[in-house]
Structures are given as structure tokens and as C-alpha cells.
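Throughout, read-outs are computed from the coordinates displayed, never taken from laboratory work. These figures come from a predicted structure and were not determined experimentally. Glycine gets a Cβ as well: all are built from the backbone with ideal geometry, and neighbour counts include every protein chain shown.
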Amino acid sequence: MSTSPTATIARPGVLPWTLGDRVVVALNDGHLVASLGLVQGVPAGEVECLQAAGYRSVEAPRITVNAFLILGGGAPVLVDAGMGAGGPGTLGRLPEALRACGVAPDEIGTVLVTHLHSDHIGGLVGADGAIAYPNAEVVIPEAEAAYWLADGAEARAPEAAKAGFRRAKSLVAAYGDRIRRAGEGEVLPGVEAILAPGHTPGHTAYRIQSGTQSLLIWGDVVHLPAIQFARPEAGVSFDVDGATAAATRKRILDRAAAERSLVAGMHLDFPALGYVRRDGAGFAWVPEQWSAAS
Ligand SMILES: [Zn+2]
């Protein structure tokens with residue numbers, strides 16, 4: 001009996017992109033299998049049509065999960081850390097992707113966190129509960145910390161949300177004084193934090209500037225690309241404040257389209273870098289062109 005070739009070929013989700021004198025590496029952590037029932041603000045029939053028109057599954061939609069590695073200009077920087085070992089088997093691939101880059105976990109100097117949801121911070125600790133990036137400073141948006149980590153925050157949260165608060169608190173606690181809470185503005189040389197609230201109260205994008213080039217890593221502005229570019233008012237049920245999330249999404253998409261600026265997202269289809277253009281009343285995604293030569 002022959003073995004399936006896919007079973008024998010390692011497939012780390014890694015794609016390096018050149019950005020000025022830095023390299024930004026898209027790291028794929030895997031995907032979540034979701035349901036279109038989580039989409040809010042647009043009629044279900046239209047949601048299904050958009051998803052099908054985007055050649056994406058209506059019955060078992062996948063939400064891609066990415067993180068990004070920034071090389072050059074100091075110690076390697078990770079932007080978000082993936083789901084880690086505690087999630088479904090379709091996730092948790094980031095350590096393998098990082099290994100394929102030749103970067104050891106103890107070489108990571110900084111982890112920039114977009115927000116404190118599990119698919120972004122679960123990978124901060126290993127399966128054994130020990131911190132995964134022992135020499136890293138972990139930068140958490142001030143407004144995220146205020147929302148998730150405040151005294152009594154878990155007690156005030158609805159029952160279904162309590163586990164998320166507990167998890168955020170324990171992951172942050174594991175890093176002790178390696179945590180740095182940061183507001184908007186420059187968090188590292190050439191890296192600016194920009195508040196993009198709604199999905200969570202302190203949800204934050206990071207703009208990487210290198211030479212004349214820049215890249216906006218926008219976190220969770222879009223979860224379902226086939227739906228939310230065309231209809232940016234469409235939110236997801238795990239948005240903490242759906243109306244604010246939709247307003248933030250429209251503003252960021254509008255600006256990216258006007259400026260023709262390069263963007264990347266944690267839930268954009270891998271390898272996750274590209275542009276936004278206006279398309280009728282909504283927007284459309286334009287993937288960046290990748291080349292092995294640069
Ligand atoms: Zn997310």
C-alpha cells in the first residue's frame with residue numbers, strides 16, 4: 001500500500017516578504033473550522049452567496065490563522081503567537097513554521113500582541129505550560145489589558161466568556177515582568193501601534209516602516225475575506241462591540257484603498273499580504289505578488 005505523498009511532505013506555512021531592509025514572514029498557524037452563523041449584520045442568504053462566490057465552503061468555512069515574524073533591525077519580532085497547543089488539531093502549527101525559518105523561540109526579542117483572544121496568544125505558552133518565548137518582552141495594548149485583566153473583569157463577564165478572561169489572565173501572568181503595556185505610538189523602532197477597537201476594546205494594528213515601505217498588520221479587521229471586504233458592515237459574533245468593529249473596519253479599508261498601502265491580516269487567506277481596492281459600495285482584496293527573487 002502506498003503512502004499518500006501529502007503525509008510524507010512537511011508543509012510549514014512560511015512565506016517571507018521583503019519590506020525595505022527588513023523581511024516580514026507570514027507564518028500560518030492553521031485554520032479554524034467555523035460556521036457562517038457567526039456572521040452578523042448581513043442577511044444569511046447574502047452571506048452564503050458571498051462565501052460561495054469566493055469559492056469558500058458555505059457548510060464548513062475555514063478561518064485562516066496567521067502570525068507574522070519581522071526580521072532585521074534587531075532581535076526577531078513576532079506579531080501574535082497563534083493558538084498554541086490547546087486548540088483544535090487544525091491549529092498550532094506556528095512553532096513548526098518558526099523552525100522552518102531557522103529562528104529558535106529563545107531568539108525572539110519581542111512579541112507584539114494585537115489582542116487577547118486565544119488564537120493570538122494561546123501560543124505564548126507551550127503544551128507544558130512554560131513560556132514559549134523565554135527571552136521575549138511581550139507588548140500588550142494598554143486598552144486590552146484594561147479590559148481583560150482588570151480586577152473583577154472575569155466576574156462581570158457573561159458565563160460563556162469567563163474562560164477567555166481566565167485564559168488571558170493566566171497567559172499574561174506567565175510572562176510576569178516581561179509584559180509591557182503600551183498605548184498608541186512607537187512601540188519598537190519603526191513599529192507603530194494603532195488602536196483599531198471594536199473586535200475587542202483594545203484591538204491594535206501595527207504599522208511596520210522600513211525605508212520607504214510600510215506594512216499595516218491589522219490583526220482581526222477581517223475574519224472572512226469572501227464576505228467582509230464586499231460587506232464591511234458584516235461582523236462576527238465574537239466581536240465585543242460589533243458596531244464599533246464595523247466602523248473601524250470601514251475606516252481602515254477606506255484608508256488602505258485610498259493610500260494603496262500594503263496590509264496583512266491574521267485571518268486573511270495565507271500568505272496574507274496585499275492591498276485593498278474599492279469595489280462598488282464595498283471593497284475587494286488584491287493579493288501582493290510574491291517572488292523568490294526578492
Ligand atoms: Zn482572531
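Looking at this structure, is PRO232 crowded, with 19+ Cβ neighbours inside 10 Å and away from the ligand (no atom under 14 Å from the Cβ)?
yes
Please find, within the stretch 204-220, the residue that is nearest to ARG249 (Cα to Cα) out of those that are of a type in the set (A, V, I, L, M) and within 16 Å of the ligand (Cβ to nearest atom).
Of the residues in the stretch 204-220, the ones of a type in the set (A, V, I, L, M) are 205, 208, 215-217.
Adding the requirement that they be within 16 Å of the ligand (Cβ to nearest atom) leaves 205, 217.
Values: ALA205: 11, ILE217: 13 Å.
It comes out as ALA205.
Given the residues GLY122, GLY82, GLY86, GLY74, which is the only one that is touching a Gly at 6+ places or on another chain (Cβ under 9 Å) and closer than 14 Å to VAL191 by Cβ?
Only one candidate passes the filter, namely GLY74.
What single numbered condition from (1) surrounded by fewer than 20 Cβ atoms within 10 Å (Cβ to Cβ); (2) of a type in the set (Asp, Glu); (3) in contact (Cβ under 8 Å) with a residue 60 or more places away in the chain fails to hold for GLU144?
With respect to (1) surrounded by fewer than 20 Cβ atoms within 10 Å (Cβ to Cβ); (2) of a type in the set (Asp, Glu); (3) in contact (Cβ under 8 Å) with a residue 60 or more places away in the chain, GLU144 is out only on (1).
Out of all the residues in the stretch 111-132, which are away from the ligand (no atom under 16 Å from the Cβ) and surrounded by fewer than 22 Cβ atoms within 10 Å (Cβ to Cβ)?
VAL125, GLY126, ALA127, ASP128, GLY129, ALA130, ILE131
Cβ-Cβ under 7 Å, sequence separation 6+ or interchain: first residue in the stretch 226-238 and β-branched (Val, Ile, Thr), partner more than 15 Å from the ligand (Cβ to nearest atom) and part of a loop (DSSP other than H, G, I, E, B). Which pairs?
Sorted first by the residue in the stretch 226-238, then by its partner, the pairs are ILE227/ALA234.
Would you check if there is a residue in the stretch 253-260 being closer than 16 Å to GLY274 by Cβ and within 16 Å of the ligand (Cβ to nearest atom)?
No - not one qualifying residue is present in the stretch 253-260.
Please find, within the stretch 89-107, the residue that is farthest from ALA161 (Cα to Cα) out of those that are in a loop (DSSP other than H, G, I, E, B) and within 16 Å of the ligand (Cβ to nearest atom).
ARG93
Out of the residues in the stretch 101-125 that are under 12 Å from the mean Cα position of the chain (by Cα) and hydroxyl-bearing (Ser, Thr, Tyr), which is nearest to ALA174 (Cα to Cα)?
By that ranking, first place goes to SER118.
Residue under question is VAL125, and the condition is that it be more than 11 Å from PRO76 (Cα to Cα), touching an Asp or Glu at 6+ places or on another chain (Cβ under 7 Å) and among the hydrophobic types (A, V, I, L, M, F, W, C); does it hold?
So VAL125 does not fit the description; no.
Any chance the stretch 50-65 includes a residue that's more than 24 Å from ARG207 (Cα to Cα), among the hydroxyl-bearing types (Ser, Thr, Tyr) and surrounded by fewer than 22 Cβ atoms within 10 Å (Cβ to Cβ)?
So far as the stretch 50-65 goes, yes, one or more of its residues are more than 24 Å from ARG207 (Cα to Cα), among the hydroxyl-bearing types (Ser, Thr, Tyr) and surrounded by fewer than 22 Cβ atoms within 10 Å (Cβ to Cβ).
Quick one: in the stretch 255-290, of everything that is part of a helix (DSSP H, G or I) and out of contact with any Lys or Arg (no Cβ under 8 Å at 6 or more places or on another chain), which residue is surrounded by the most Cβ atoms within 10 Å (Cβ to Cβ)?
Within the stretch 255-290, the match that is surrounded by the most Cβ atoms within 10 Å (Cβ to Cβ) is ALA256.
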